[in-house]
Amino acid sequence: MKKGLTVLLVVGLLFTISLNIFAQDDIELTIAGGAVGEELQLTQKAAEIFEEKHPGVSVEVLSTPDLANDRLGLYLQFLEAESPNVDVYQVDVIWPGDLAQHFLDLYEYGAEEVADEHFQAIVENNTVDGKLVAMPWFTDAGLLYYRQDLLDKYDLELPETWEELERAAKTIQTGERAAGNQDFWGFVWQGNAYEGLTCDALEWIHSNGGGTIVNSDKEITIYNEKAVAAVEMAGNWVGHISPPGVTGMAEEDARKVWEAGNAAFMRNWPYAYSLGNQEGKVIAGKYDVAPLPAGDSGNGSATLGGWNLAASKYSDNPKWAAKLALFMAGEEVQKLRATEGSFNPTIKDLYEDEDVLKANPFFGKLYDVFTNAVARPSTQTAPQYNQTSELFFQAVHNVLTGEEDADSALAYLELDLQDLLDYPIAD
Ligand code: GLC
């Protein structure tokens, strides 16, 4: 009996030792990710699933600044120092062209097998010189959030043009203030001088038929009547249907006003959808999302956003870095993020998944908005997209704050872009 127990113990011990030999017990990975809305919690949750699947591997999630420009600044510090401290980076859809040189080609690490499952346009966006420098993770498109209860209360239709939006915003704002809510505003959006303003302003301009700043033939198109009119229109919102402070607002600032019940309309990305419907939120169940309004082009435009996962060339564990990026961008994690956080998958099949559609009916209803979103001119200006965008949002911001009129702001911008890019001006 005693002998039997000893044998059992020895066998158990040997088994544990052998398990430890096969476990990777000294792999430590770091993923740098966003913390907008529920992003950080969801990334942490996915990291834990990865750890469970790979005993001995630990994954740390590094929280990075909300504003895309600040995040890029931080990444550049790591990347230019060729730092092994971050293995996987969450990268914006506009960055592959600017940052490609720092990332592994994921095709060499198994991405070939799964790339076809994702939206082709994003895979192409992330392919630089034939190398897949980032796996698509979630896609974004600008949406119009609207309060259905307030449209009903004031007997208004959902606005389909910017003019209709201005009128509806004004009517609701006047009514709500008269009813005692002095903090109420018609329309909130992203007016701070940062990448988010580039996205919003591209929507006003493109929907008005004013192009995409620089066209795909590498010609500068920004100084045109339709673009000037669109930027002027937004300048007139400030202090009228939008708070003066909108010129300092990013996504999360707009969401706060919206979730406090103090706005009739909001321009934001899909992530805000699930958050506003959480239990206890004053606007829960009272709103929906729609395509952004149309300008002179006759159609609304949504800027294409979204984030991807790149594995660093400077990682001490390139194989594991790539494995983590591929896992995070895979179906299990994309479904988790879609159902728990309304992050749009980049895997096509998930748009037919019942759980995903139940949590986000708009994924199906607005499918065309997501697949037809307008890209910022990042491919045609790489590796100078970031500077291009900075000049653009700075010019637009000057109009919003009243420092410059739209015509001269865009005329000067044209010159600045010529200096920077050395591209011709379109006829
Ligand atoms: C969202 C988009 C991203 C964009 C950023 C601007 O995160 O997904 O592409 O650059 O907003 O604020």
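No value in this document is a laboratory result; all are computed from the given coordinates. On a predicted model such as this, the values are computed, not experimentally measured, just so you know. We place every Cβ from the backbone using ideal geometry, glycine too, and count neighbours over all the protein chains shown.
Dimensions of region 122-182 based on its C-alpha atoms, expressed as ranges along the principal axes with the largest first, amount to 59, 22, 17 Å.
Spherically averaged projected area of the convex hull of Cα atoms, region 242-334: 10.0 nm². Computed from Cα atoms, the angle from the helix 225-237 axis to the main principal axis of the chain rounds to 90 degrees. Distant-in-sequence amide contacts of G239, defined by a placed amide H-H separation under 5 Å and a gap of 5 or more residues or a different chain, comprise nothing. Using a cut-off of 21 Å between Cα atoms, the listed pairs K131/K323; K53/K323; K313/K348; K335/K358; K45/K313 include K313/K348; K45/K313 as exceeding that distance.
Measuring nothing but alpha carbons in region 353-427 and taking Rh as the Kirkwood radius, the Rg to Rh ratio lands at 1.20.
Its relative contact order, with pairs defined as Cα atoms under 8 Å and 6+ residues apart, puts region 250-318 at 18 percent. Cβ crowding within 10 Å, taken as a proxy for footprinting-reagent exposure, orders T198, T43 from fewest neighbours to most as T43, T198.
Distance between the 7 Å Cα→Cβ label points at Y154 and E331: 4.6 nm.
Listing D353, D70, D87 from fewest to most neighbouring C-beta atoms within 10 Å gives D70, D353, D87. In the frame of its principal axes, the chain has Cα extents of 88, 53, 33 Å, reported largest first.
Each Lys or Arg adds one and each Asp or Glu subtracts one; over the other residues with Cβ under 14 Å from the Cβ of E112, this totals -4.
On the beta carbon distance between Q394 and S63, with R0 = 30 Å, the FRET formula returns roughly 0.65.
Look at the dipole of region 332-427 built from charges on Cβ: of Y423, L336, V396, the Cα furthest out on the positive end belongs to L336. Extension gain for the segment D296 to D349, taken as residue separation times 0.36 nm less the Cα-Cα distance, is 15.6 nm to one decimal.
May I ask you to derive the FRET efficiency for I49 and D427 from their Cβ-Cβ distance with R0 = 60 Å, giving the value to the nearest 0.05? FRET efficiency, I49 to D427: 0.65.
Can you list the lysines whose alpha carbon sits under 23 Å from that of K256, skipping same-chain ones fewer than 8 residues off? Cross-link targets: K153, K170, K281, K286.
Taking the chain as the reference, fit the longest principal axis to its C-alpha atoms, fit the long axis of helix 39-53 to the helix C-alpha atoms, and give the angle between the two in degrees, 0 to 90, nearest 10. The angle comes out at about 20 degrees. Longest stretch of the chain clear of exposed loop sites (trypsin sites (Lys or Arg not before Pro), DSSP loop, at most 16 other Cβ atoms within 10 Å, sites excluded): 1-217. Which residues does the label zone of E112 cover in region 321-340, counting backbone N under 20 Å from a point 7 Å along Cα→Cβ? Correct set: 321-327, 330. Here's how it looks for W185: its modeled amide H is under 5 Å from those of A263, A264, which are all 5 or more places away or on a different chain. Ranking of I205, I425, I220 by neighbouring Cβ atoms within 10 Å, starting from the fewest: I425, I220, I205. Distance from the C-alpha centroid of region 325-400 to that of region 195-232: 20 Å, rounded to the whole angstrom. In degrees between 0 and 90, to the nearest 10, how far off the longest principal axis of the chain does helix 195-207 point, with axes built from Cα atoms? Taking the Cα atoms of the chain, the angle to 195-207 is about 50 degrees. Calculated translational diffusion coefficient of region 257-398 (25 °C, 0.890 mPa s; Stokes-Einstein with Kirkwood radius over alpha-carbon pairs) equals 137 µm²/s. Working note: Debye formula, equal point scatterers on the alpha-carbon atoms of region 187-233, no solvent; log10 I(q)/I(0) at q = 0.16, 0.27 Å⁻¹ is -0.42, -1.01. For region 216-222, 3J(HN,Hα) computed residue by residue from phi via the Karplus equation (6.51, -1.76, 1.60; θ = phi - 60°) reads 6, 8, 6, 10, 7, 10, 5 Hz, glycine and proline entered as x.
Within the straight-line cut-off of under 13 Å between alpha carbons, the aspartates and glutamates reachable from K365 are D288, E352, sequence neighbours fewer than 8 places apart in one chain being disregarded.
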